[in-house]
Amino acid sequence: MLTLERHRIILEVLAQHEIAKIQDFVDATSSSESTIRRDLSQLEEEGKLKRVHGGASLLIQKKDELSYSEKSTKNHEEKEQIARYAASLVQDGDCIYLDAGTTTNKMINYIEARDVTVVTNGITLLENLLERNIETYLVGGFIKNKTRALIGRGALDGLRTYRFDKCFLGVNGIHPDYGFTTPDPEEAMVKALALNLSQNRYVLADESKFHEVTFAKIADVDKAIVITNNIDHELLIDFSDKTNIKKVNA
């Protein structure tokens with residue numbers, strides 16, 4: 001069977017089921033597993049699908065976004081692992097930026113360094129920060145209802161007055177070609193500025209974010225170290241020469 005024909009069948013399978021295992025493609029095309037793996041890699045490079053552990057799923061450029069409360073119920077254990085490791089990177093006297101998000105919020109509970117100063121655009125982080133007696137600055141701007149993040153001109157103007165030892169960001173998608181992405185262009189601008197103002201840059205992301213693409217680009221993947229859970233090595237091969245990925249275990 002010709003390559004183009006296999007690719008057509010693979011995409012038809014995904015159109016019907018949205019996600020499928022390698023064996024499903026093997027059966028549908030009467031091809032070897034190694035051939036299917038090569039096909040999936042090529043189709044992913046072309047932006048037509050997303051490889052997942054043991055198979056592939058449709059790649060959809062998402063503009064919709066889950067609310068903060070919806071995000072907080074997903075991948076709880078993985079976020080705890082990532083947050084614990086990220087907090088260990090904070091040193092005494094650091095001035096850090098914490099992005100609005102569920103994983104950055106969990107991170108606060110594990111910060112043991114002293115005399116830390118936090119700047120954030122996350123409304124939901126404030127209670128946690130105040131309970132820990134961490135010196136905190138909140139940027140201005142428009143409050144985005146879904147994510148409880150401050151965005152817009154006020155947030156950007158507020159951020160420009162600071163410089164950070166480290167920043168810790170959440171993203172919705174990480175792709176080797178399309179970079180770090182998030183559904184909202186205004187939120188993307190705030191995240192991008194925080195990266196540019198920081199000496200050390202970290203993106204906190206569980207395995208569900210890899211090979212995802214959403215509407216607005218934040219930066220290329222080489223602009224930050226990605227902290228993630230202990231995911232399948234095969235899913236990270238495409239990133240090996242483009243960015244630094246730190247996998248953490250429970």
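Values quoted throughout were computed directly from the atomic coordinates according to the rules given, and no laboratory measurement underlies them. All values reported here derive from a predicted model rather than from experimental measurement. Cβ coordinates were reconstructed from backbone atoms using ideal geometry, including for glycine residues, and neighbour counts include every protein chain displayed.
Observations
- Among Glu234, Glu186, Glu207, the largest mean-square fluctuation in a Gaussian network model of the chain, built with springs joining Cα atoms closer than 10 Å, belongs to Glu234.
- In segment 97-148, GluC sites (Glu not before Pro) in a DSSP loop with at most 15 other beta-carbon atoms within 10 Å: Glu112
- Rounded to the nearest whole Hz, the Karplus-based 3J(HN,Hα) values (6.51 cos²θ - 1.76 cosθ + 1.60, θ = phi - 60°) of segment 191-203 follow the sequence 5, 5, 5, 4, 4, 5, 8, 10, 6, 10, 10, 9, 10, with x at glycine and proline.
- Segment 69-162 - share of DSSP beta bridges that are antiparallel (%, nearest 5): 35 percent
- The modelled label-to-label distance for the pair Leu126/Asn244, using points 7 Å beyond Cα in the direction of Cβ, is 3.5 nm.
- Among Asn200, Asn145, Asn230, the largest mean-square fluctuation in a Gaussian network model of the chain, built with springs joining Cα atoms closer than 10 Å, belongs to Asn145.
- 3J(HN,Hα) along segment 170-179: x, 9, 9, x, 10, 9, x, 9, 9, x Hz, from the Karplus curve 6.51 cos²θ - 1.76 cosθ + 1.60 with θ = phi - 60°, whole Hz, x for Gly and Pro.
- Rounded to the nearest 500, the 222 nm mean residue ellipticity of the chain from helices alone is -10000 deg cm²/dmol, with -39,500 (n - 2.57) taken per DSSP H run of at least 4 residues.
- 3J(HN,Hα) from dihedral phi, segment 98-108, Karplus parametrisation 6.51/-1.76/1.60, rounded to Hz, x for glycine, proline: 10, 5, 5, x, 6, 6, 5, 5, 5, 4, 4
- Candidates Gly141, Gly173, Gly101, ranked by Gaussian network fluctuation over the chain, Cα under 10 Å, top entry: Gly141
- Between Lys144 and Ala149, Leu150, Ile151, the built amide H atoms are under 5 Å apart, and every one of these is 5 or more places off in sequence or on another chain.
- The chain: relative contact order in percent, alpha carbon pairs under 8 Å with at least 6 residues between: 17 percent
- Near Thr117, the amide H atoms lying under 5 Å from its own belong to Asp94, Cys95, Ile96; only residues 5 or more places off or on other chains count, and H is placed 1.01 Å from N.
- When each of Lys48/Lys247; Lys50/Lys209; Lys146/Lys191; Lys106/Lys217; Lys191/Lys217; Lys146/Lys242 is checked by Cα-Cα distance, pairs over 20 Å: Lys48/Lys247; Lys106/Lys217; Lys146/Lys242
- For Tyr110, no residue whose modelled amide H falls within less than 5 Å of its own remains once neighbours fewer than 5 places apart on the same chain are excluded.
- Extending 7 Å from the Cα toward the beta-carbon at both Val26 and Glu12 defines two label points whose distance is 2.1 nm.
- Against the set (1) 21.6, 66; (2) 19.4, 65; (3) 27.8, 96, the structure's computed Rg and Dmax of the Cα atoms in Å falls on (2).
- Top positive-direction residue, dipole computed over segment 68-248 with Cβ charges, set Asn200, His233, Ile123: Ile123
- Cα-centre dipole for the chain with unit charges at Cβ (Lys and Arg positive, Asp and Glu negative), debye to 20: 460 debye
- Summing charges over all other residues whose Cβ lies under 14 Å from the Cβ of Glu127, with Lys and Arg as +1 and Asp and Glu as -1, gives +2.
- Near Gly140, once Lys and Arg are set to +1 and Asp and Glu to -1 for all other residues with Cβ below 12 Å from its Cβ, the sum equals +1.
- Electrostatic tally near Ser198: other residues with Cβ closer than 9 Å to its Cβ, Lys and Arg +1, Asp and Glu -1, net +2.
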